[in-house]
Amino acid sequence: MDTKVPAVVVVGGAGLVGRYVLKRWKQKMEAAAEPLQVLCLDLRPSDVADVDLLADLRNPATIQKMLFDKYAVQEMVIAVKPPLLGPSYQTFMEINLAGLADLVNMAERHNVRSLLYVSSFAACNHWVPHHNVAESDPAASPPLTSLRSPYDLSKAMTEQFILQKHSESGMRTVSIRIGGVYGDNDDQYWNRRLPFRLSLDISDQDAHPPKIDANYVENVAEGMLRVVDRLSADTSVGGRFYFYTIGERHVTQQELGFRLAEATGRFHLAAPTWVIHVWLAVMNFLVSFQFQLPSWPLNQPAGRVVEPKSYFTTYSMAKKGLIDQWFDNTLFRETFGYSHLYTTEEAVAMVAAAQKQSRPRQTHSHNKRPGTLTLVAGPVVISLCTMVLVMLCGGLSLSVACSTSWSLCSLCQFGFFVSSPATHVCGFVTQPAYRLWMPFQGGSLHVFLQGIGWSCFALLLMQWCASYYGEEMLLTEFPYVGDSRLKAAFGLIAQVTLGLSVLAFKTPWEKTKRS
């Protein structure tokens, strides 16, 4: 006698899309009074499902024991999305391809009736522009060898594998390609939730701003369940992929960012596209520079392969946000009779209301330690650039006249002046318990470095004021007051020590834990 409990399962149910699918699926099960439990299979609990099954996709034996030995799974939705950065190429393929392939094989053996794979328009290649591409267009199914990142490649290969499993008499499969999903605090658009009530996006006033489809997460979740219901009733819709990347209309990320900022009361900053391009190029160089060095600083023999790393850095990966990605959703709408639950305006209002209800008291409540690059690289770039410009202005013999006029040299010195406060503010934004005014707090090393940094900054400020407003006799008697080389030294020392002090900062609970 079969004692397995009938159930439906969402793989990746703790993620953004999976969580909302779980929520809606559970509501439908309760309303219909069907004796099916709603399960979540993930590394993290969902706090929504009837039962959370915590397992790694790379451990099929555990999944077999926890899921298929105990439950008679009727329908399955796979909404797995590993981090785009961090895991090595090998790890990425093991999770997003090999692990899912093993899971699908187990689902087929255990007679799962319907399986929906939540894919992505990344399967078309993130780094190639797409303009109103439909499922039948060649650009929708590029050669696998043309896909550059592990995310794109794993999505495309897993999708092909799952669709080949489709059978009218066995397991029915279908894939839905989504993208640009927004609607909760863990969506990918961190730039819309900056500290100090700021929002940042690319300007839509450029000649050709990037156009990337966007869809509200509630629309996506309902759409996935509509597909599951239709697939269970009609096998002819399976065995292929569909694009579902928009709600009632195409809306650009720029328009969406502006609307969300307006609805949540944030100050919206729109940067020209060329500024973003330059910023990404500079930061990408700084991040990848260490991998371009000879082998000896990294303690690696010449010619050996380094430990597998992500195919892209944070900044090269961000470039995909500058490439057009918009698709024709006609086939999805005609096949499943669905386009959206909420319009863009309604979705924006719902997101704004949710943010106002859950807005934390503190500006920054996370306790994640920031990386060195986050805290130091930006202001250091300003310092290094200004140092180069100072040298270009006059080499080693800059005159006092250059410093007393609003010239390129003066702009260089202004760059040194703003970089140190920028680092201090960066510490306030990224560090828990960090305050702009906290004398003798944060640990002895932090206080020591802060003392050096602000002392050098004070000397820089005094020297700058003296060179601009000092008497002629003062500049004659003390020529070093207007020496830009000394200003550059003070500015660079202040910048580096303040950056290190932020990294050395210790929160009260860190000091307590250590003691």
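Taking the residues in the range 175-215 that are of a type in the set (S, T, Y) and part of a strand (DSSP E or B) as candidates, determine which candidate is modelled with the highest pLDDT. Show your work before the answer.
As a first pass, look at the range 175-215 and keep what is of a type in the set (S, T, Y): 175, 182, 189, 199, 203.
When the remaining residues are screened for being part of a strand (DSSP E or B), the result is 175, 182, 199.
Numbers: S175: 97, Y182: 92, S199: 84.
Across the range 175-215, the extreme among qualifying residues is S175.
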Open item on the list: Taking the condition of being assigned to a loop (DSSP other than H, G, I, E, B), of a type in the set (K, R) and outside the structural domain of A352 (by TED's automatic domain parsing), how many residues in the range 245-277 meet it?
Closed with: 1
Open item on the list: Checking the conditions here, which among A32, A61 is free of Cβ contacts under 8 Å to residues at least 12 places away in the same chain, aliphatic (A, V, I, L, M) and closer than 17 Å to M106 by Cα?
Closed with: A61
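Report whether or not Y338 is at pLDDT 75 or above and part of a loop (DSSP other than H, G, I, E, B). Working first, answer last.
Values: at pLDDT 75 or above: yes; part of a loop (DSSP other than H, G, I, E, B): yes.
Taking the combined requirement at face value, the residue satisfies it.
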Open item on the list: With the structure loaded, tell me whether I95 is in contact (Cβ under 8 Å) with a residue 12 or more places away in the chain and touching an Asp or Glu at 6+ places or on another chain (Cβ under 9 Å) or whether it fails that test.
Closed with: yes
Open item on the list: Here's a check for you: in the range 23-78, which residue that is under 18 Å from M171 (Cβ atoms) and within 30 Å of the chain's Cα centre (by Cα) is surrounded by the fewest Cβ atoms within 10 Å (Cβ to Cβ)?
Closed with: P60
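To keep it simple, each residue is scored yes or no on (1) in the same structural domain as S232 (by TED's automatic domain parsing); (2) farther than 30 Å from Q90 by Cβ.
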{"position": "V128", "(1), (2)": "yes, no"}
{"position": "E135", "(1), (2)": "yes, yes"}
{"position": "P143", "(1), (2)": "yes, no"}
{"position": "L147", "(1), (2)": "yes, no"}
{"position": "S154", "(1), (2)": "yes, no"}
{"position": "M171", "(1), (2)": "yes, no"}
{"position": "I176", "(1), (2)": "yes, no"}
{"position": "G179", "(1), (2)": "yes, no"}
{"position": "S199", "(1), (2)": "no, yes"}
Task: Residue check for I162: assigned to a strand (DSSP E or B) and either small (G, A, S) or surrounded by 20 or more Cβ atoms within 10 Å (Cβ to Cβ) (or both) - done: no
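The values are calculated or read from the model by the stated rules, or taken from the named source; none is laboratory data. Since we're looking at a predicted model, the values are computed, not measured. Glycine gets a Cβ as well: all are built from the backbone with ideal geometry, and neighbour counts include every protein chain shown.
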